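Peer 1: A single structure is presented below for examination.
The values are calculated or read from the model by the stated rules, or taken from the named source; none is laboratory data. This one's a predicted model, so the numbers in the text were calculated from it and none came from an experiment. Please note: Cβ atoms are built from the backbone with ideal geometry, for glycine as well, and neighbour counts cover all protein chains shown.
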Amino acid sequence: MRIVSGIQPTGNLHLGNYLGAIRNWVRMQDEVAAGGGQSLYFLADLHAISMPHVPADLAANTYEMTAALVACGIDPDKSVLFNQTQVPAHAELQWLLGGTARMGWLNRMTQWKDKAGKNREGQSVALFTYPVLQAADVLLYQATHVPVGEDQKQHLELARDIAQKFNNDFASEAAPVFTLPDPIIPPEAARIMSLRDGGSKMSKSDPSDMSRINLTDDADTLMNKVKKAKTDPEPLPGDKAGLEGRAEAANLVGIYAAMAGTTVEAVLGEFGGQGFGRFKPALGELLVESLAPINARFVELRTDRAALGQILAKGAAKARELAAPTLAKTYEALGLVR
């Protein structure tokens with residue numbers, strides 16, 4: 001089993017990133033390693049340049065995100081942790097797959113439509129073709145499984161379509177060039193919403209820092225954000241059905257359940273009938289206790305660029321080694337002389 005997944009280095013991780021993806025990466029890392037498999041996790045800095053960006057911020061965020069991932073539990077000795085830029089095979093394979101991917105496939109990508117909006121002609125070519133780079137990211141390593149959220153399933157389906165067409169056009173059934181990766185959709189992946197608006201996802205782009213819990217928040221900041229989180233005047237219900245139509249209450253209860261490793265029903269069994277004046281301090285204490293080790297490790301790592309650079313360089317060297325056979329087979333299958 002070989003798992004491959006990436007994350008854009010867009011700044012500090014928040015609780016939604018941790019509960020929705022990173023915690024599952026850590027769990028899968030340990031399970032896959034125990035089974036003799038391999039996990040590759042990368043900072044998608046090449047993807048980041050598909051949108052307007054500040055170069056100095058991208059470099060700083062790459063180091064900071066590396067520190068955050070390690071602080072969350074990604075172990076460079078168990079997983080291959082690197083940034084795309086140090087493995088040129090990602091960009092090479094994207095170009096090689098460009099002859100197989102079809103304009104119609106990319107035009108149907110819902111994230112392209114969402115991000116481009118009405119001004120498609122004014123968007124970068126990179127934004128349009130980045131799903132091909134995503135395909136290259138996983139096909140390059142013969143990934144057997146890719147952890148994806150619901151919003152990324154279409155991208156993995158595209159990667160499978162590209163791999164299948166390439167194999168049909170340029171390889172034999174007995175000796176395909178690419179493995180078709182299967183999705184892993186963690187059933188317990190939590191959908192964490194804004195602390196200010198239960199109808200919107202927790203996001204780094206929200207102008208209000210009070211809308212999110214950053215993994216860099218200290219204990220006092222974290223408790224303050226929880227206490228000021230938007231709620232309603234009603235006490236917590238005794239069962240899950242009672243949360244219908246109460247988005248902010250459902251969000252806080254969901255966060256508690258995810259952090260405690262329990263169910264919403266169990267949380268309501270403990271706190272049902274109580275007001276938020278009792279529930280919020282309990283939630284804050286749970287978050288402080290759970291996130292304090294991550295925060296401490298992050299603060300220790302974030303300023304040590306030499307150590308972070310060594311982690312990325314070590315991972316990139318291993319990734320280049322793993323990528324080389326697939327890249328060579330792709331060139332050969334296309335009839336390109338190297």
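Peer 1: Would you mind stating whether ALA229 is among the small types (Gly, Ala, Ser), assigned to a helix (DSSP H, G or I), over 24 Å from the mean Cα position of the chain (by Cα) and modelled with pLDDT of 95 or more? Break it down into steps so the answer makes sense when it comes.
Peer 2: On the way: among the small types (Gly, Ala, Ser): yes; assigned to a helix (DSSP H, G or I): no; over 24 Å from the mean Cα position of the chain (by Cα): yes; modelled with pLDDT of 95 or more: yes.
Spelling it out, it is not the case that ALA229 is among the small types (Gly, Ala, Ser), assigned to a helix (DSSP H, G or I), over 24 Å from the mean Cα position of the chain (by Cα) and modelled with pLDDT of 95 or more.
Peer 1: Which pairs do you get when a residue that is assigned to a helix (DSSP H, G or I), found in the stretch 88-106, comes within reach of a residue that is modelled with pLDDT of 95 or more and of a type in the set (Lys, Arg), reach meaning Cβ atoms under 9 angstrom, with the pair 6+ apart or on two chains?
Peer 2: ALA89/ARG320
Peer 1: Can I ask one more? Please go through (1) over 20 Å from LYS78 (Cα atoms); (2) not assigned by TED's automatic domain parsing to the domain that holds TYR256 for GLY315 and return the number of the only condition it doesn't satisfy.
Peer 2: (1)
Peer 1: Of the numbered conditions (1) more than 18 Å from the chain's Cα centre (by Cα); (2) of a type outside the set (A, V, I, L, M, F, W, C); (3) not in a loop (DSSP other than H, G, I, E, B), ASP197 fails exactly one; give the number of that condition.
Peer 2: (3)
Peer 1: Kindly indicate whether any position in the stretch 76-98 is touching a Pro at 6+ places or on another chain (Cβ under 9 Å), of a type in the set (A, V, I, L, M), buried (at least 20 other Cβ atoms within 10 Å of the Cβ) and under 18 Å from GLY315 (Cα atoms).
Peer 2: No, there is no match, as no residue in the stretch 76-98 is touching a Pro at 6+ places or on another chain (Cβ under 9 Å), of a type in the set (A, V, I, L, M), buried (at least 20 other Cβ atoms within 10 Å of the Cβ) and under 18 Å from GLY315 (Cα atoms).
Peer 1: If only one of PHE178, PHE170, PHE166 is at pLDDT 90 or above, farther than 26 Å from MET51 by Cβ and in contact with a Ser or Thr (Cβ under 6 Å, 6 or more places away or on another chain), which one is it? Give the derivation first.
Peer 2: Details: PHE178 fails: in contact with a Ser or Thr (Cβ under 6 Å, 6 or more places away or on another chain); PHE170 fails: in contact with a Ser or Thr (Cβ under 6 Å, 6 or more places away or on another chain).
None of the others qualify; the one that does is PHE166.
Peer 1: Is it the case that ASP45 is among the acidic types (Asp, Glu), touching a Leu at 6+ places or on another chain (Cβ under 8 Å), more than 19 Å from ARG191 (Cα to Cα) and not assigned by TED's automatic domain parsing to the domain that holds LEU215?
Peer 2: Details: among the acidic types (Asp, Glu): yes; touching a Leu at 6+ places or on another chain (Cβ under 8 Å): yes; more than 19 Å from ARG191 (Cα to Cα): yes; not assigned by TED's automatic domain parsing to the domain that holds LEU215: yes.
Yes; evaluated as a whole, the condition is true for this residue.
Peer 1: When the residues of the stretch 27-44 are filtered to those that are in contact with an Asp or Glu (Cβ under 8 Å, 6 or more places away or on another chain) and outside any strand (DSSP E or B), which remaining residue is surrounded by the fewest Cβ atoms within 10 Å (Cβ to Cβ)?
Peer 2: Of the residues in the stretch 27-44, the ones in contact with an Asp or Glu (Cβ under 8 Å, 6 or more places away or on another chain) are 29, 42, 44.
After this cut, where a residue has to be outside any strand (DSSP E or B) as well, the list is 29, 44.
Details: GLN29: 21, ALA44: 23.
Going through the qualifying residues, I end up with GLN29.
Peer 1: Let me ask something additional. Please verify whether VAL54 is surrounded by fewer than 20 Cβ atoms within 10 Å (Cβ to Cβ) and more than 30 Å from GLY254 (Cβ to Cβ), treating the condition exactly as stated.
Peer 2: Values: surrounded by fewer than 20 Cβ atoms within 10 Å (Cβ to Cβ): yes; more than 30 Å from GLY254 (Cβ to Cβ): yes.
So VAL54 fits the description; yes.
Peer 1: Checking the condition assigned by TED's automatic domain parsing to the domain that holds ASN214, without any contact (Cβ under 8 Å) to a residue 24 or more places away in the chain and either touching a Cys at 6+ places or on another chain (Cβ under 8 Å) or within 20 Å of MET193 (Cα to Cα) (or both), which residue from ASN224, ASN251 passes?
Peer 2: Numbers: ASN251 fails: without any contact (Cβ under 8 Å) to a residue 24 or more places away in the chain.
Exactly one of ASN224, ASN251 is assigned by TED's automatic domain parsing to the domain that holds ASN214, without any contact (Cβ under 8 Å) to a residue 24 or more places away in the chain and either touching a Cys at 6+ places or on another chain (Cβ under 8 Å) or within 20 Å of MET193 (Cα to Cα) (or both), namely ASN224.
Peer 1: So which residues in the stretch 3-21 are buried (at least 23 other Cβ atoms within 10 Å of the Cβ) and β-branched (Val, Ile, Thr)?
Peer 2: Those that are buried (at least 23 other Cβ atoms within 10 Å of the Cβ) and β-branched (Val, Ile, Thr): ILE3, VAL4.
Peer 1: Take VAL125 and tell me if it is of a type in the set (A, V, I, L, M, F, W, C), out of contact with any Cys (no Cβ under 7 Å at 6 or more places or on another chain) and within 25 Å of ARG23 (Cβ to Cβ). Talk me through it step by step, then tell me what you get.
Peer 2: Details: of a type in the set (A, V, I, L, M, F, W, C): yes; out of contact with any Cys (no Cβ under 7 Å at 6 or more places or on another chain): yes; within 25 Å of ARG23 (Cβ to Cβ): no.
Answer is no for this residue.
Peer 1: Also: Which condition breaks for ALA324 when tested against (1) surrounded by fewer than 14 Cβ atoms within 10 Å (Cβ to Cβ); (2) over 30 Å from ARG2 (Cβ atoms)?
Peer 2: (2)
Peer 1: Which of the residues spanning the stretch 318-337 are over 22 Å from the mean Cα position of the chain (by Cα) and either assigned to a helix (DSSP H, G or I) or closer than 30 Å to GLU248 by Cα (or both)? Break it down stepwise before answering.
Peer 2: Step one: list which residues in the stretch 318-337 are over 22 Å from the mean Cα position of the chain (by Cα), which gives 321, 324-337.
The answer is GLU321, ALA324, PRO325, THR326, LEU327, ALA328, LYS329, THR330, TYR331, GLU332, ALA333, LEU334.
Peer 1: If you go through the stretch 127-156 one residue at a time, how many are surrounded by fewer than 16 Cβ atoms within 10 Å (Cβ to Cβ) and within 19 Å of ALA89 (Cα to Cα)?
Peer 2: Qualifying residue count for the region: 0.
Peer 1: Among the listed residues ALA257, ALA296, ALA282, ALA292, which satisfies the condition of being more than 23 Å from the chain's Cα centre (by Cα), over 30 Å from GLN142 (Cα atoms) and among the hydrophobic types (A, V, I, L, M, F, W, C)?
Peer 2: Residue meeting the stated conditions: ALA282.
Peer 1: Within the stretch 51-61, does at least one residue satisfy the condition of being in contact with a Gly (Cβ under 7 Å, 6 or more places away or on another chain), in a helix (DSSP H, G or I) and either touching a residue at least 40 places away in the same chain (Cβ under 8 Å) or in the same structural domain as ASP137 (by TED's automatic domain parsing) (or both)?
Peer 2: The initial filter retains those residues of the stretch 51-61 that are in contact with a Gly (Cβ under 7 Å, 6 or more places away or on another chain), namely 61.
Still in the running and in a helix (DSSP H, G or I): 61.
Pick out the ones that are also either touching a residue at least 40 places away in the same chain (Cβ under 8 Å) or in the same structural domain as ASP137 (by TED's automatic domain parsing) (or both) and you get 61.
Scanning the stretch 51-61 turns up at least one residue that is in contact with a Gly (Cβ under 7 Å, 6 or more places away or on another chain), in a helix (DSSP H, G or I) and either touching a residue at least 40 places away in the same chain (Cβ under 8 Å) or in the same structural domain as ASP137 (by TED's automatic domain parsing) (or both).
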